[in-house]
1. Quote to one decimal, in nm, the extra length available between Glu86 and Arg34 on full extension: 0.36 nm per residue of separation minus the C-alpha distance between them.
2. For Gly19, enumerate residues with amide H under 5 Å from its amide H, sequence gap 5+ or separate chain, H modeled in the peptide plane.
3. Determine the gain in length on full extension of the stretch Ile261-Val248; use 0.36 nm per residue of separation and subtract their C-alpha separation, reporting nm with one decimal.
4. Could you compute the net charge surrounding Ile20? Neighbours are other residues with a C-beta less than 13 Å from the C-beta of Ile20; K and R count +1, D and E count -1.
5. Would you mind checking which residues have amide H under 5 Å from Gly66's amide H? H placed 1.01 Å from N; only 5 or more apart, or other chain.
6. Using the basic label-point model (7 angstrom from Cα toward the beta carbon), what is the Asn57 to Lys97 distance in nanometres?
7. If the chain between Val273 and Thr11 were fully stretched, how many nm would it gain, using 0.36 nm times the residue separation less the Cα-Cα distance?
Amino acid sequence: SGKTHTMFGTTEKDSNTAGIIPRACSELMNILERRKGTINLNLQCSVSVSFVEIYGNDILDLLKQGEKCSKSKVSAQRSVLDGSAEVLVENVDDVMKLLWRGEAQRRKAATAMNSRSSRAHSVFIVSLNQKCLNSNKSIKSRLFLADLGGCEQTKKSQLEAGRSDHIEAIKERNRNKQIESKDEPEFSTGFVKSDRMREAVYINLGLMSLKSCVEALNRGEHVPYASSKLTMLLASGLGGNGKTAVIVCASQDEEHASETINAFKFGQACRTVSNSVR
């Protein structure tokens, strides 16, 4: 209900319809220009962007036609973005070109709830490198701008268990070649869920992991960042030396009241998180 529109806005070059990502990048570029012109520092700055999607249990690089980022099996935050594209940008126009190029690669599909439903979580990452040439000191900062997939009740989305288009395509290809391939997955349950159903399951698992991390931060306990790729990716923003802002999008329809209440409860839990600078 408006999450992607809030983050991206429209493709029109109109500041009134721009989303949070274009506005944030524009403000960052303008601030850097002002700092270079008004502060008497021999400052060297560079800005680069990455755009990834957490689809299933994989992180895909939207600036490399959906190529997998990390092939490492190590559950560590530093390995999650291994191999992802980090493209240098000079101005807002460069950022917008990469933003819409990556947006065109995102996985979307129609459900009963949304004709263009996001089928994965996505994160647009802006990296800022600053170096003072006088003191030779440098600092790197990152801004994570996440567009999370919505929590889905499969009954409302009308997603049913059935045959997977992807698996069926593999089987058909192998039948045409008259071979038996190990590419054909075997499931002990005797069936595979449809692609939309599997996507919904992974979206919900990522959101549950995020909720668990927020609750652990509030209790001051061990935070299970490694429970999902989404939380590993966002770990430094959730519990590190950073500030986090959360926008809750909800529906006003009475039939979605339970989801709206749960969304507000999650937002309230995020609001009470307090981090200490390390």
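1. On the way: separation 52, 0.36 × 52 = 18.72 nm, distance 2.45 nm.
Going from the current span to full extension adds 16.3 nm.
2. Gly9, Thr10
3. Working: separation 13, 0.36 × 13 = 4.68 nm, distance 1.07 nm.
Working it through step by step, the gained length comes to 3.6 nm.
4. Values: positive: Lys3, Arg23; negative: Glu27, Asp147.
That sum, taken over residues with Cβ under 13 Å, equals 0.
5. Asp61
6. Modelled inter-label distance: 3.8 nm.
7. On the way: separation 262, 0.36 × 262 = 94.32 nm, distance 3.44 nm.
So the chain would gain 90.9 nm between Val273 and Thr11.
Bear in mind these aren't lab numbers, they're just calculated from the coordinates by the rules spelled out. Predicted model only: the values in this text are computed from it and were never measured. No Cβ is skipped: glycine too gets one built from the backbone with ideal geometry, and neighbour counts run over all protein chains shown.
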